[in-house]
Structures are given as C-alpha cells and as structure tokens.
Amino acid sequence: SSVEHRGALIIRGENLSHNITDADPHKVGVKVTKVKALSREKSARRTAEIVNKFIQKSYQVLKDLPINRKREREGKLPANIVLLRGASIKPEIEPFHELYGIEGSAIAGGALYLGIAKAIGLKAIKPEGATGRKDSDLISKVKTALEELDEGKDFVFIHFKGADSCAHDHDAKSKIEFIERIDQAVGYLLENVDLDNTHIAFTGDHSTPIEFGDHSADPVPIVIAGKNVMPDDVKRFSERAAMKGGLGRISGRVIPILFGYCDWLEKFGA
C-alpha cells in the first residue's frame, strides 16, 4: 500500500536487522546512497546486502517501463528506482485499550497512519474519498468519526495530510486552500457533536514551513474544547496566537491532557 511517493517494504526471514543506513540521500542530483550495516552483527550486514540488491533490482525493473519512457518523451523525470529509508522492526506496544481502558478508532487516508493505528490496537478506517493527498474528502472523514462515536467508540483520531504535502512542494496557494477545507471540516464536526459530552483536541504533529519545504522544530498550536476546559483569552488559532494560550508550551503528550479532561485517567495520591 502506498500514497504518492511513499510505500512500505516488509522483509521477513531469519537473521535480519534494522541496524542499517538509509539509501535515500534526501537531495536532488546526487547518487543513491549505498546501504551499510550500523553494527558488526552478521544479521545487519546480511540485511544491508539484501536491501542493496532490492534497490538495484527495482531500477532494472522500473527504468524501461512504458510509463517512464512516456515521461522521458514529455521531458519529465522517470520514476525509476525505489529508495529505502527508516529501517525498523515492529515494537511491542501495549494496546491502547489496555493502556487507557477505552476503545478507539483512527481515520486516515495514508497507509502509515492506518498502520500505526493497527499497531497500537485502534480500529483503522479508510473512509470513502480518503486518499492521503490534498484531494482527500475531509467531510467524509468527519462523518465517519461521528458514526464511530455514535456506535460507541470512546475515542476517535482523524488525520488530515494534505497541508503537509503542499508545504513540501512549496505550494502556498494549495496549502491555504487545504487549510480552508480543514476549517470547513472542523465546522461540520462542531455542528454535529455535543460538547457537553465530548472533548476535542485539534493540533498538528509538526511544522512544515512553505519556504523551508521540510519539517521544522517550530512548536505547533493546539486547542482543546469541551466541558470543564478552562478558557483563555486567545480568539484565533495560529502559531503566534497559541503562544499566549493557557496551555503554554507542552512536550507533545496530548493524550494524557485530553483524557484528564474526560476523567478517564487513574488518580494517584490523595
């Protein structure tokens, strides 16, 4: 399963290791990086060799495809190699329902986010019209979330990807348009949810400035709405406005804060 240029490769077998380097140089106009072992273990050397052979084979298979010949005739770059990065192994993660005692769902268009949802024990849903791109149907995602809540789910996570993709492309116009669509989707959510019985947290997982075109360390804004949430004086949702908010600058552990408002967390002490 893949979205845009991203995909996932699963290698199964004996004597494998995730202790290898990336093949993706993250730069245009340079050679593909040869994958090397990061440890002296035989399994790491073996895995690096397997990955290098896979990458070489991908080039042999893709370079002469009709679609690439067509792209070259049109003056476009061919999609002629698979670059692998971020080698890892599936960690042992305590399931969400065991950790917090609640049942949850995750709604997304991208395989990465659906995979993470499955890994932590959430029900992974890709609703109709969800693509993981900037053309994704955001209202469809919100409607699906509302249906999950109506069917008894305690917690629903919704992921919107498009703004990040636009920023990576340095496309300010498309990013603005996508954010406006997010605003409409959030409006639809607020019109159809009971805030006396529901808490909502809205935030981003990282910043992707248009000029930079990549992820940055800038803090992201967050807003939490619902019963017994103490309001502050912030009237707009933006990076600058959130700097003056009542939550201050937090480390990113949003779930304990949100579930604290929901009174779902175990109390310690007196």
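Every number in this text was worked out from the coordinates using simple rules, so none of it is lab data. Treat the numbers as computed from the prediction; the structure is a model and nothing was measured. Cβ coordinates were reconstructed from backbone atoms using ideal geometry, including for glycine residues, and neighbour counts include every protein chain displayed.
Results, tabulated for the structure shown:
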item: In degrees, nearest ten, helix 42-62 long axis to first principal axis of the chain (Cα); result: 80
item: Protection proxy ranking, peptides 230-243, 164-177, 12-25, average beta carbon neighbours within 10 Å, highest first; result: 164-177, 12-25, 230-243
item: Under the Debye formula (equal points on every Cα, no solvent term), log10 I(q)/I(0) of segment 2-73 at q = 0.20 Å⁻¹; result: -1.00
item: Ellipsoid semi-axes in whole angstrom, largest first, where each is sqrt(5λ) of the Cα gyration tensor of segment 146-270; result: 27, 19, 14
item: J(HN,Hα) series, segment 75-86, from Karplus relation 6.51 cos²θ - 1.76 cosθ + 1.60, nearest Hz, glycine and proline x; result: x, 9, 6, x, 8, 10, 7, 9, 9, 9, 8, x
item: Built amide H within the under 5 Å cut-off of SER105, gap 5+; result: LYS123, PHE155, VAL156, PHE157
item: Farthest positive-ward along segment 94-167 dipole, Cα basis, beta-carbon charges - from PHE155, CYS166, ALA106; result: CYS166
item: Cα-based radius of gyration of segment 49-118 once divided by 2.2 N^0.38 Å, which approximates compact folds; result: 1.75
item: Computed Kirkwood radius, in angstrom, where 1/r is averaged over Cα pairs of the chain; result: 21.6
item: Dipole of the chain, positive direction: furthest Cα of ALA130, ALA23, LEU146, with charges on the beta-carbon; result: ALA23
item: For segment 1-87: lysine pairs under 17 Å (alpha-carbon distance), excluding those fewer than 8 apart on one chain; result: 9
item: Dipole magnitude of the chain about its Cα centre (Cβ charges: Lys, Arg +1; Asp, Glu -1), debye to nearest 20; result: 1820
item: Cα-Cα P(r), segment 194-253, percent of pairs per 10 Å interval; result: 20, 48, 26, 7, 0
item: C-alpha center-to-center spacing [segment 141-173, segment 246-270] in angstrom; result: 22
item: Two-site FRET efficiency, ASN15 against SER238, from Cβ-Cβ distance with R₀ of 45 Å, rounded to 0.05; result: 0.30
item: Sequence-distant residues sharing a close amide H with SER136 (under 5 Å, placed H); result: THR131
item: Ordering of 53-61, 219-227 by burial proxy (mean other Cβ atoms within 10 Å per residue, highest first); result: 219-227, 53-61
item: Distance from segment 20-70 to segment 209-228 (C-alpha centre basis), Å; result: 34
item: About the Cα centre, charge dipole magnitude for segment 2-73 (Lys/Arg +1, Asp/Glu -1 at Cβ), debye; result: 260
